[in-house]
Amino acid sequence: MTYDVHDHSPTATARDGAPPARGDARQWWVLGVIALAQLMVVLDATIVNIALPSAQKELGFSDGNRQWVVTAYSLAFGSLLLLGGRLADLIGRKAVFLAGVVGFAASSALAGAAQDFTVLVVGRTLQGLFGALLAPAALALLNITFAGTRHRAKAFGVYGAIAGAGGGIGLLLGGVLTEHLSWRWTLYVNLVFAVLAVVGGSVFLRGGRPADRPALDTPGTLLASGGLFSLVYGFSNAESHHWSSPLTWGFLAAAGALLAAFAAWQGRAGHPLLPLRVLADRDRAASFSVVAVCGAGLFGVFLFLTYYLQTSLGFDPVKTGLAFLPMIGVLMVTAQVSTIVLVPRLGPKYVIPAGALIAAFALTRFTGLGLNSTYAADILPWLMVMGLGIGLVLPPAVSLATSGLVPEDTGVGSATVNTMQQIGGAVGTALLNTLATSAATAYARGKQPTPQVLAEAQLHSYATVYWWSAGFFLAGAVISVLLYRGGRVGVQHTGKAARG
């Protein structure tokens, strides 16, 4: 069976053949602008982590407060994404995109110039808020710009590669900036990206204000934002508190209640924040699930393999970042092959599960890493295999999650993809950190705390995480097989790019 991804834009006109050359040229400039902005947001997930020790030393905040530099961003970003996506649908994607870029840059400058812990956290919170405007608007603009064109798969391959590789690029860039300039430049660098994105966006993006602007779903917004805030906060607390702490289970229980109420309300609301039709498509629902589950598994690579390289093998931050470059290279190539060639010919039901299984297998190979392992022989080959697997999973999943959306849903649909990735990351970070700590404690129990024992306990904790991360990808493979429809994906080249 073949099923098509149609251009549902009312501004698209059915016509045969490719869009004109000028249209193609504008599309690629739009892609460049969106890629810059998306890279700015994705980098922030890891680039600041590298700088945290230096920032802590200069500003003098405690280990207990350190997590809030990361958590403040995640809370604002994760809880406001759906609202940001709906605002893009109601106000206009270009306007919301540019506001998000400018606000993200200003809050980055505020955080970078911070002279105390409070200002740093306020800046990071504002980064998350404006990131929640920027990210869904960017993906919505990409979706409508390439809707119904022959270049859609290639564009989403680039976007998906950035989403998958951004963490590794952040590690490299964060290491270089921290080591050779200052931790503050891990935040100031966003100003460079923002200037280019604002200039390019002002020139190449097309505004397009929606003709019919329904009222914002205020009850739905409050329920969704409160539920997502509680979910991210609850899992974030699991890293510093026990799972039995009210700050953990209490917020997770509140998240369940609020999100259940949100789902019930969306079926009755006149202008729902997240129309249930966005979730009704089988392939889209599968893609949302895959992005969340495999997003959690990604932390087994970027987070704990970074720990291993630095603490066990003694890599400095720059060398650690460089170590991930081969994986990023393979991922970027595979992203294009999977979205342009494999999924259109074979269908997601076969390609995405295969990628998830490949990534899971690569993670199992990391479980044997020891104190005497070498990068070239024991890490590099499996990092490249990991890049192959991720490139087969994330880019096509993101593309399928946003294909076929009606124009008024492109913003909130794009926001849902980002939300799934953010929630997956929050869950993965909390679970994997907790599992690592428990594994290390169990290994060292009853033994003399010698340096050798402590080092082996640490290795044991990493191996535990790799197994669990492989399990996440295995779950993604099962979900893909069960939910994706069989057959090839056909893209109708009917219609020129929609204007957002």
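Descriptive notes on the structure:
- Residue within the stretch 330-339 that is in contact with a Phe, Trp or Tyr (Cβ under 6 Å, 6 or more places away or on another chain), buried (at least 17 other Cβ atoms within 10 Å of the Cβ) and within 19 Å of residue 42 (Cβ to Cβ) present: yes
- Elements of the type helices (runs of 4 or more DSSP H) sitting completely within the stretch 304-369 and holding at least 3 residues that are at pLDDT below 85 and over 22 Å from residue 291 (Cβ atoms): these cover 317-323.
- Those residues of the stretch 70-87 which are of a type in the set (Gly, Ala, Ser) and open to solvent by 20 Å² or more (accessible area, probe 1.4 Å), in sequence order: 74
- Residues satisfying the stated conditions in the stretch 279-312, i.e. farther than 30 Å from residue 371 by Cβ and out of contact with any Phe, Trp or Tyr (no Cβ under 9 Å at 6 or more places or on another chain): 280, 281, 284, 285, 288, 289, 291, 292
- Once the stretch 370-412 is narrowed to residues that are among the β-branched types (Val, Ile, Thr) and not in a helix (DSSP H, G or I), the residue that is most open to solvent (accessible area, probe 1.4 Å) is 374.
Residue-wise test of (1) among the acidic types (Asp, Glu); (2) part of a loop (DSSP other than H, G, I, E, B); (3) modelled with pLDDT under 85.
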| site | (1), (2), (3) |
| --- | --- |
| 446 | no, yes, yes |
| 456 | yes, no, no |
| 476 | no, no, no |
| 480 | no, no, no |
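- Test for residue 299: is it at pLDDT below 85 and among the hydrophobic types (A, V, I, L, M, F, W, C): yes
- Here residue 366 fulfils each of the conditions (1) buried (at least 24 other Cβ atoms within 10 Å of the Cβ); (2) under 21 Å from the mean Cα position of the chain (by Cα) apart from (2).
- Scan of the stretch 482-500 for residues that are modelled with pLDDT under 85, aliphatic (A, V, I, L, M) and out of contact with any strand residue (DSSP E or B) (no Cβ under 8 Å at 6 or more places or on another chain), ordered by number: 497, 498
- Restricting attention to the stretch 444-468 and to residues that are hydroxyl-bearing (Ser, Thr, Tyr) and within 15 Å of residue 367 (Cα to Cα), the residue that is most open to solvent (accessible area, probe 1.4 Å) turns out to be 464.
- Residue 303 satisfies every condition listed in (1) free of Cβ contacts under 8 Å to residues at least 12 places away in the same chain; (2) farther than 25 Å from residue 226 by Cβ; (3) of a type outside the set (Phe, Trp, Tyr) except (1).
- Residue match in the stretch 264-271 (condition: touching a residue at least 40 places away in the same chain (Cβ under 8 Å), open to solvent by 20 Å² or more (accessible area, probe 1.4 Å) and either more than 19 Å from residue 216 (Cβ to Cβ) or not hydrophobic (A, V, I, L, M, F, W, C) (or both)): yes
- Candidate set: the stretch 97-135, residues that are within 20 Å of residue 206 (Cα to Cα) and out of contact with any Phe, Trp or Tyr (no Cβ under 9 Å at 6 or more places or on another chain); chosen: the one least open to solvent (accessible area, probe 1.4 Å): 97
- Residue count for the stretch 145-157, restricted to those that are assigned to a helix (DSSP H, G or I), in contact with a Ser or Thr (Cβ under 8 Å, 6 or more places away or on another chain) and open to solvent by less than 10 Å² (accessible area, probe 1.4 Å): 3.
- Residue in the stretch 230-240 that is closer than 30 Å to residue 51 by Cα and surrounded by fewer than 20 Cβ atoms within 10 Å (Cβ to Cβ) present: yes
- Enumeration of residues in the stretch 241-263 that are crowded, with 16+ Cβ neighbours inside 10 Å and touching a residue at least 24 places away in the same chain (Cβ under 8 Å): 254, 255, 258, 259, 261, 262
The values are calculated or read from the model by the stated rules, or taken from the named source; none is laboratory data. Predicted model, so just to flag it, every value in this text is computed and none were measured. Cβ sites come from the backbone with ideal geometry, for glycine too, and all protein chains shown count toward neighbours. Just so you know, the surface numbers come from the protein's heavy atoms only, side chains and all, with ligands and any DNA or RNA stripped out. Shrake-Rupley method; radii C 1.70, N 1.55, O 1.52, S 1.80 Å.
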